[in-house]
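Notes follow once the structure below has been shown.
The values are calculated or read from the model by the stated rules, or taken from the named source; none is laboratory data. In this text the structure is predicted, and so the values were computed from the model without any measurement. Virtual Cβ from ideal backbone geometry, glycine too; neighbours counted across all protein chains shown. We work out accessible area using only protein heavy atoms, side chains counted, and drop any ligands, DNA or RNA first. Shrake-Rupley method; radii C 1.70, N 1.55, O 1.52, S 1.80 Å.
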Amino acid sequence: MQDKDINTARETQAGRRAFVKGAAVVAGAAALGAPAIVLGQNRRLVTRDPGGPFTKAFSQAFYEPFKKATGITVVGVASESEPSGMVKAMVESRNYRWDMAHLSNSTHMSLAKLGHLEPIAGPKGLGPNVSKIPANMRGEFILGVDVYATVIAYRTDTVKKPPQSWKDFFDTKGFPGLRSLRKNPYDTIEEALLADGVPPSQLYPLDLDRAFRKLSQIKKEVGVWWENGAQTSQLLKTGEVDMIPAWNGRAQVAIDDGAPVKLVWNQGIWTYEGFTILKGGPNVALCREFLEFCAQPQQQAIFTETLTYGPTAPDAFKYIKPERAKLLPNNPEYFASLTQANAEYWGKHKDAITDRYNSWLLS
């Protein structure tokens, strides 16, 4: 789910970024210690990331400051979305093109079950920064660094009665307008169940029969079945659809490009992505140092200047301007109205549900 969600900020925060970077470099050097800096000379880590604005944002927030603090170069390499097959091949062949990989929570789950990822904790346990990341934003094999949400986005010029929930979105008579849905069951099943009245706390395990019955009620009203985040931005900008479930960062791209679009945070479905360490790689210890650095709130605040994804370090909001914080899904103002996707459930059932969903689309 990672092409998602990208938003290049229009504002410049050079002064703030310089201050935060400078403070974090000093703090990072102290936290990692002089021995790490010496050992890091001429060392290099390679991590998979989603590319594009992600590489730019992570370079500013993580890669470049980490090198200044430790001497260790970090290179971000883009790849296909959800590269579980690539990670599996590298680990099994012990031919490592990457030391780490930035993955969605659900993809990390499937790789962890195969034994292809290293624990993020070293022999002495989690570092002080990583341990402060909330438990629902990290796991044994992943450090969550960015939070995103699937929300309802709609065109204000054509939608005169805006939807405020998934029930409204599925009510094509009460809330007229051309719809689009994702050509993928992830999030779509949850949207259908929420629209049918299932409380967020009772979503999992997903009632698939109920979800497909609800989806069948709206199927003929769906004008476009979208396949990637860039497509949702374009559909909103051109006005080809009136309302659409979209990753908040991708919808923000349309807004920043001048499209008359608003987001509905209520009942949004959130999850996180983060850095993982490939099993048996040559630089596992250095990777853990990098993760400890990335867990610092000052560093995470920096990437939000480029991406409208939320940080996982709660204190990061202390370093983010209020107007920018309003665009982030885990802003305390409305985070409580969002529901976390169950990555463990999807990790177990994704293939079977996807097969059923694809068959339903063709029926």
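Just a few scattered comments:
Yes/no matrix, rows are residues, columns are (1) small (Gly, Ala, Ser); (2) surrounded by 23 or more Cβ atoms within 10 Å (Cβ to Cβ); (3) touching a Lys or Arg at 6+ places or on another chain (Cβ under 7 Å); (4) farther than 23 Å from His349 by Cα:
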residue	(1), (2), (3), (4)
Gly85	yes, no, no, no
Ser104	yes, yes, no, no
His108	no, yes, no, no
Ile120	no, yes, yes, yes
Ser131	yes, no, no, yes
Asp157	no, no, no, yes
Lys161	no, no, no, yes
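- For the stretch 310-351, a tally of residues being closer than 24 Å to Glu191 by Cβ, modelled with pLDDT under 95 and not in a loop (DSSP other than H, G, I, E, B) returns 12.
- Filter pass, Tyr345 being open to solvent by 10 Å² or more (accessible area, probe 1.4 Å) and touching a residue at least 40 places away in the same chain (Cβ under 8 Å): yes
- Just so you know, in the stretch 47-67 the residues that are assigned to a helix (DSSP H, G or I) and open to solvent by 50 Å² or more (accessible area, probe 1.4 Å) include one that is farthest from Thr306 (Cα to Cα), and it is Lys67.
Okay, residues lined up against (1) modelled with pLDDT under 95; (2) not aliphatic (A, V, I, L, M):
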site	(1), (2)
His102	no, yes
Thr107	yes, yes
Glu118	no, yes
Ala121	no, no
Leu126	no, no
Ile133	no, no
Gly139	no, yes
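- Some residue of the stretch 134-147 being more than 22 Å from Thr47 (Cβ to Cβ), open to solvent by 10 Å² or more (accessible area, probe 1.4 Å) and assigned to a helix (DSSP H, G or I): yes
- Scanning the stretch 68-98 for residues that are within 24 Å of the chain's Cα centre (by Cα), more than 14 Å from Gly281 (Cβ to Cβ) and either part of a loop (DSSP other than H, G, I, E, B) or of a type in the set (Lys, Arg) (or both) returns Ser79, Glu80, Ser81, Glu82, Pro83.
- Within the set Pro322, Pro329, Pro314, the sole residue that is open to solvent by 10 Å² or more (accessible area, probe 1.4 Å), within 14 Å of Val147 (Cα to Cα) and not small (Gly, Ala, Ser) turns out to be Pro314.
- So Ala301, is it closer than 27 Å to Ser81 by Cα, buried (at least 19 other Cβ atoms within 10 Å of the Cβ) and touching a Phe, Trp or Tyr at 6+ places or on another chain (Cβ under 7 Å): yes
- Yes/no for Ile244 being more than 26 Å from Ala57 (Cα to Cα), open to solvent by less than 10 Å² (accessible area, probe 1.4 Å), among the hydrophobic types (A, V, I, L, M, F, W, C) and over 17 Å from the mean Cα position of the chain (by Cα): yes
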